[in-house]
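Asker: Could you have a look at this structure, given as structure tokens, before my questions?
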Amino acid sequence: MLSTILAISNSGKYHHLFAALTDLGIKTDHVPSCSEALTVLTTNPYAAVLMEEVLLGNPTNTVEKIHRIKPQLPFVVFGNGPTAGDYKQGQSEIPSNYLPLTGVENVDLARLLNRLKELLPELRAEVLPGKDLLWIKSNNQAMIDVISLVDIIKDDSSTVLIQGENGTGKEFIAWLLHYSGRRYTTPYVAINCAAIPETLLESELFGHEKGSFTGATEKRIGKFELADKGTAFLDEIGDMPLSTQAKILRVLEKGMVERVGGHRNIPVDVRIVAATNQNLQEKIEVGLFRRDLYYRINTFTLKLPRLAERPEDILPLAKHFLDMITPRRGQGTEKRLSQATGQLLMDHDWPGNVRELRNAMERVAILTPGDVIEPESLPEDIRGKRDHTSAASGHPKASAASDGRVPIMPLEELERMTIVEALSKYGADAEEAARQLGISKATLYRKLKKYGIVRRLTVKN
Ligand SMILES: Nc1ncnc2c1ncn2[C@@H]1O[C@H](COP(=O)(O)OP(=O)(O)OP(=O)(O)O)[C@@H](O)[C@H]1O
Ligand SMILES: [Mg+2]
């Protein structure tokens, strides 16, 4: 049995990571200061110490003392302040045991886990590869197959195509491929091919030389070069223009990029992970996607099912999202779904897939002061089918958007949802929520009352 890990952190923003390590079977004790760490270290055996970066320069030099009493103890300093790159540029000396975190929960957990596994051989045996796949726990066979394949291919450099509707977790899987494999310390560079105007896409991907076109006043390094040794995630590849597709093919075949306006071939070693919610075969038939590129990028294809096709996962995922904002994470009491609420979640068809479920759970966790989540806290479109309170309240039901993005809806409903969204983001901090909404606190109270939200909130004064 692995000894406990000691986490020293005083900012509160990493609690969820320590809790998640414990969830993975790596018990983690947490103390807020180096002096408390010193006390517990003298009485308890610990396997390793994780310390938040801001505590490094503590005036009483307790870090030194920790090193002195436990010279062999693996010690990791983590933080998301300056990156390793900044340190290199001479700001101050980077600690050799520094682990930069990103602020993205699952990515950071993968980084911590990988670092701990490097330091603690017993952990390598104890935490199975499947468990490294963080919260991708599934009871659905199609998802289990995807997860197993990710685990098999995470360490090689073959191209991967991830297909699935909006919100099914394509980017989540791309992260896992990168951060659970050996590339986890190397760059992960995401490029949204649909969001970048066609004229800029090539310069974005391949960079450009100074003066190569009007406006190119400086040389620019492209995303492929930035992703060298790591992963380039080409999101929405179905929207990539044909001319750019030809150039991507060249990168894949030759392992070289050429900057726009440049004449030099620059070697790059990049794993390409592409994602799309479109049917690329159909795009090939109508001449909008290159067949040769399609065959080149889909060495492995991961097809993500819609959430409604993996009903076994709806309640566990709902619980997972609720747990992410429970007391351990410093907000309110632990919540659970009532049976009726669970049933409504099972009955809903989830057009926005996992993203819709996550948003719904984050919202209800805020709107429910007690422990049990009843149907009335659910967004209207989820309880709509069975519960007719939406009609009774006089609001026509919003038409569900097929991609989980904002549907066209009555403005009053939009206002209500925006307020709920602001509250779910800023907890019960009405002041901050009002500020973000651009209204006064008094107006917010009035609107909470108008929409009947006020009774379910603990609004601070
Ligand atoms: N298995 C999972 N466990 C936990 N969270 C998940 C899982 N799958 C998806 N998510 C969460 O659901 C949300 C949507 O996932 P993601 O952004 O990866 O979807 P996507 O397929 O890329 O969507 P889009 O096509 O709209 O870009 C994210 O918040 C992600 O963290
Ligand atoms: Mg995405």
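Computed from the coordinates by the stated procedures, all read-outs in this text should not be read as laboratory data. Predicted model only: the values in this text are computed from it and were never measured. Neighbour counts are summed over all protein chains in view; Cβ atoms, including those assigned to glycine, are modelled from backbone coordinates with ideal geometry.
Asker: Would you kindly derive the ³J(HN,Hα) couplings of the range 341-347 from the backbone phi angles with the Karplus curve 6.51 cos²θ - 1.76 cosθ + 1.60 (θ = phi - 60°), listing them in order in whole Hz, with x for Gly and Pro?
Answerer: Per-residue couplings from phi come out as 5, x, 5, 5, 5, 5, 7 Hz.
Asker: Considering only THR299, VAL260, PHE289, whose Cα is most displaced toward the positive end of the charge dipole of the range 257-357, charges sitting on Cβ of Lys, Arg (+1) and Asp, Glu (-1)?
Answerer: Going by the Cα projections, it comes out as VAL260.
Asker: Ordered by packing density, taken as the mean number of other Cβ atoms within 10 Å over each peptide's residues, highest first, how do 186-196, 432-442, 200-210 rank?
Answerer: The peptides rank, most packed first, as 200-210, 186-196, 432-442.
Asker: OK, next. Can you give the FRET efficiency for LYS13 and ASN97, using 1/(1 + (r/R0)^6), R0 = 22 Å, r = Cβ-Cβ distance, to the nearest 0.05? List each step's numbers first, then the result.
Answerer: On the way: r = 20 Å, r/R0 = 0.92.
Working from the Cβ atoms, E equals 0.60.
Asker: ILE373's amide H: which non-local residues (gap 5+, or another chain) put their own amide H closer than 5 Å, with H modeled 1.01 Å from N in plane and none for Pro or chain starts?
Answerer: ARG336, LEU337, SER338
Asker: Hey, which of these cross-link pairs are over 26 Å Cα-Cα: LYS117/LYS229; LYS117/LYS303; LYS70/LYS117?
Answerer: LYS117/LYS303
Asker: Give me PHE18, PHE233, PHE321 sorted ascending by neighbouring Cβ count inside 10 Å, so fewest comes first.
Answerer: The most exposed by this proxy come first: PHE321, PHE18, PHE233.
Asker: Computed FRET efficiency, Cβ-Cβ of LYS441 and THR39, R0 51 Å: what is it to the nearest 0.05?
Answerer: Step by step, r from the Cβ atoms, then E = 0.75.
Asker: Okay, moving on. Pull up all non-local amide H partners of ARG271: gap of 5 or more, or a different chain, and H-to-H distance under 5 Å with H placed in the peptide plane.
Answerer: Amide H to amide H, under 5 Å and 5 or more residues apart or across chains, ARG271 pairs with GLY230, THR231, ALA232.
Asker: Another question, then. To the nearest 20 debye, what charge dipole does the range 141-305 have about its Cα centre, counting +1 at the Cβ of each Lys and Arg and -1 at the Cβ of each Asp and Glu?
Answerer: In total the dipole reaches around 440 debye.
Asker: Say the cut-off is 29 Å between C-alpha atoms; which of LYS170/LYS449; LYS13/LYS137; LYS27/LYS319 go over it?
Answerer: Flagged as over cut-off: LYS170/LYS449.
Asker: Going by average Cβ neighbours within 10 Å, how do the peptides 5-17, 28-40, 252-264 rank, with the highest at the top?
Answerer: 5-17, 28-40, 252-264
Asker: Measure off 7 Å from each Cα along the Cα-to-Cβ vector at ASP269 and LEU119, then give the distance between these two points in nanometres to one decimal.
Answerer: Taking the two extended label points, one gets 2.7 nm.
Asker: Pull up all non-local amide H partners of LEU99: gap of 5 or more, or a different chain, and H-to-H distance under 5 Å with H placed in the peptide plane.
Answerer: Distant-sequence amide H within range of LEU99: VAL77, PHE78, GLY79.
Asker: Relative contact order of the range 141-305, please, whole-number percent, based on alpha carbon pairs below 8 angstrom and at least 6 residues apart.
Answerer: Contact order relative to length: 34 percent.
Asker: For the range 313-319, take each phi angle, set θ = phi - 60°, evaluate the Karplus expression 6.51 cos²θ - 1.76 cosθ + 1.60, and give the result in whole Hz per residue in order, putting x for glycine and proline.
Answerer: 8, 4, 5, x, 5, 4, 5
Asker: What are the ³J(HN,Hα) couplings of the range 28-34, residue after residue, when phi is run through the Karplus curve with 6.51, -1.76, 1.60 and θ = phi - 60°? Round to Hz, x for glycine and proline.
Answerer: 10, 8, 10, 10, x, 9, 5
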